[in-house]
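*Asks:* Following this message is one structure expressed as structure tokens.
The values are calculated or read from the model by the stated rules, or taken from the named source; none is laboratory data. Being a predicted model, the structure only gives us computed values, none of them experimental. In this analysis, Cβ positions are derived from the backbone assuming ideal geometry, glycine residues included, and neighbour counts consider all displayed protein chains. Side chains are part of the model used for accessible areas, which takes the heavy atoms of the whole protein and leaves out ligands, DNA and RNA. Shrake-Rupley method; radii C 1.70, N 1.55, O 1.52, S 1.80 Å.
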Amino acid sequence: RVGNQCWMKENVRSEHYLDGTPIAKGTEMMEDTTYRYFPDNDSSKVATFGYLYNWKAAMNGAKATEANPSGVQGVCPEGWHVSTYSEWKRLSDALYSTTAGYNLKSEKLWEEHPHTDGKGNYYGFSAIPAGVRNAARQSVGIGTDAYIWTSREYDEERAYHAYLYYAWADLFIPEGPKNSAMSVRCVKNNGTS
């Protein structure tokens, strides 16, 4: 719990939507088909890092929204929703934006960097560096980067995501290609733990 928001402490590992519909295991990078992928192309890493989802899978076909809360169930369990751009901004502001990334990172799994001790995990958020599966079908950034989808669209081909990097204390919210595969963190619908 940070401020008035209650966040999941782990990345989503769902293989099915709430109604039981399976989420296909992807091999190709497509934005018009729902897919989940292994982090670093390694099935043994799902237990630690969760699955990576393309944006369509994360959203389960829901329309993009800037509503807060999003109201987008997506891959989240009952009572939770896909995080919004605004929720990430509020989280960043609550954690003094220039050190928000430091405050959110887990104490383990991140590579060390000579210019920063890298992680504080003061709130138990435990952000982990699951990396990304990019549009070129390459898995990159495991150990150094965390990419987490939001429900907000940038344009037809891109959507916003939260981004943490092992050498920086900041939390960024850039846009990225929807056919990339990233982690998902959910927020509790009523904001209480």
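*Asks:* Extension gain residue 10-residue 137, at 0.36 nm per residue separation less the Cα-Cα distance, in nm?
*Replies:* Numbers: separation 127, 0.36 × 127 = 45.72 nm, distance 2.42 nm.
Once the chain is fully extended between residue 10 and residue 137, it gains 43.3 nm.
*Asks:* For the chain, report the accessible area per residue in Å² (1.4 Å probe, heavy atoms, rounded to an integer).
*Replies:* 46 Å²
*Asks:* Calculate, in nm to one decimal, what residue 90 and residue 48 gain on full extension: separation in residues at 0.36 nm each, minus their alpha carbon distance. If you can, show how the numbers build up before the last one.
*Replies:* On the way: separation 42, 0.36 × 42 = 15.12 nm, distance 2.66 nm.
Extra length from residue 90 to residue 48 when fully extended: 12.5 nm.
*Asks:* How high is the relative contact order of the chain, in percent, counting Cα pairs under 8 Å that sit 6 or more residues apart?
*Replies:* Values: 509 pairs, mean separation 53.7, N = 193.
For the chain, the relative contact order is 28 percent.
*Asks:* Can you give the local net charge around residue 97? Use residues other than it whose beta-carbon is closer than 10 angstrom to its beta-carbon, Lys and Arg +1, Asp and Glu -1.
*Replies:* -1
*Asks:* Also, quick follow-up: What ³J(HN,Hα) values, in whole Hz, does the Karplus curve 6.51 cos²θ - 1.76 cosθ + 1.60 give for region 38-51 when θ = phi - 60°, with x put for Gly and Pro?
*Replies:* 3J(HN,Hα) across region 38-51, in whole Hz: 6, x, 6, 6, 10, 4, 5, 8, 5, 4, 8, 9, x, 7.
*Asks:* Pull out the extension gain between residue 168 and residue 24, defined as 0.36 nm times the separation in residues minus the alpha carbon to alpha carbon distance; nm, one decimal.
*Replies:* Taking 0.36 nm per residue and subtracting the Cα distance, the gain is 48.4 nm.
*Asks:* Sum up the charges of everything whose Cβ sits under 14 Å from the Cβ of residue 5, counting Lys and Arg as +1 and Asp and Glu as -1, but leave residue 5 out.
*Replies:* The answer is +4.
*Asks:* What relative contact order, as a whole-number percentage, does region 1-45 give when Cα pairs under 8 Å and 6 or more residues apart are counted?
*Replies:* Numbers: 23 pairs, mean separation 9.8, N = 45.
RCO, region 1-45: 22 percent.
*Asks:* Which ³J(HN,Hα) values in Hz, rounded to whole numbers, follow from the phi angles of region 140-147 under the Karplus curve 6.51 cos²θ - 1.76 cosθ + 1.60, where θ = phi - 60° and Gly and Pro get x?
*Replies:* Once rounded to whole Hz, the list reads 9, x, 5, x, 10, 9, 10, 10.
*Asks:* Still on this model: What number of lysine-lysine pairs in region 1-148 show an alpha-carbon separation below 21 angstrom, given a sequence spacing of 8 or more or placement on distinct chains?
*Replies:* The number of close lysine pairs in region 1-148 is 15.
*Asks:* Given a Förster distance of 25 angstrom, what is the FRET efficiency for residue 1 paired with residue 107, based on the Cβ-Cβ distance and rounded to 0.05? Intermediate values should be presented prior to the final figure.
*Replies:* Details: r = 19 Å, r/R0 = 0.74.
Using R0 = 25 Å, I get an efficiency of 0.85.
*Asks:* So for the chain, taking the charge dipole from beta-carbon charges (+1 Lys/Arg, -1 Asp/Glu), which of 134, 97, 6 sits furthest toward the positive end?
*Replies:* Highest projection toward the positive end goes to 6.
*Asks:* While we're looking at this one, here's another question. Please label the shape of region 1-133 as rounded, prolate or oblate, based on the square roots a ≥ b ≥ c of the eigenvalues of the alpha-carbon gyration tensor (a/c under 1.5 means rounded; beyond that, a/b larger than b/c means prolate, else oblate).
*Replies:* Oblate shape, in that a/c is at least 1.5 and b/c is the bigger or equal ratio.
*Asks:* Roughly what % antiparallel, to the nearest 5, for the DSSP beta bridges in region 43-193?
*Replies:* Counting DSSP beta bridges with both partners in region 43-193, the antiparallel share is about 85 percent.
*Asks:* Which Cys residues of the chain have no other Cys Cβ less than 4.7 Å away and so no disulfide-compatible partner by this rule?
*Replies:* 6 - these cysteines have no disulfide-compatible partner (Cβ-Cβ under 4.7 Å) in the chain.
*Asks:* Quickly rank 17-23, 165-171, 85-91 as a protection proxy: mean count of other C-beta atoms within 10 Å, highest first.
*Replies:* Top of the packing list down: 85-91, 165-171, 17-23.
*Asks:* Rounded to the nearest percent, how much of the accessible area of the chain (1.4 Å probe, protein heavy atoms only) is carbon and sulfur?
*Replies:* The value for the chain is 46 percent carbon and sulfur by accessible area.
*Asks:* Rounding to the nearest 20 debye, state how big the charge dipole of the chain is about its Cα centre with +1 on each Lys and Arg Cβ and -1 on each Asp and Glu Cβ.
*Replies:* Its charge dipole is roughly 400 debye.
*Asks:* 222 nm [θ] for the chain, helices only, -39500 (n - 2.57) per DSSP H run of 4+, per residue, to 500?
*Replies:* After summing the helix terms and dividing by residue count, I get -3000 deg cm²/dmol.
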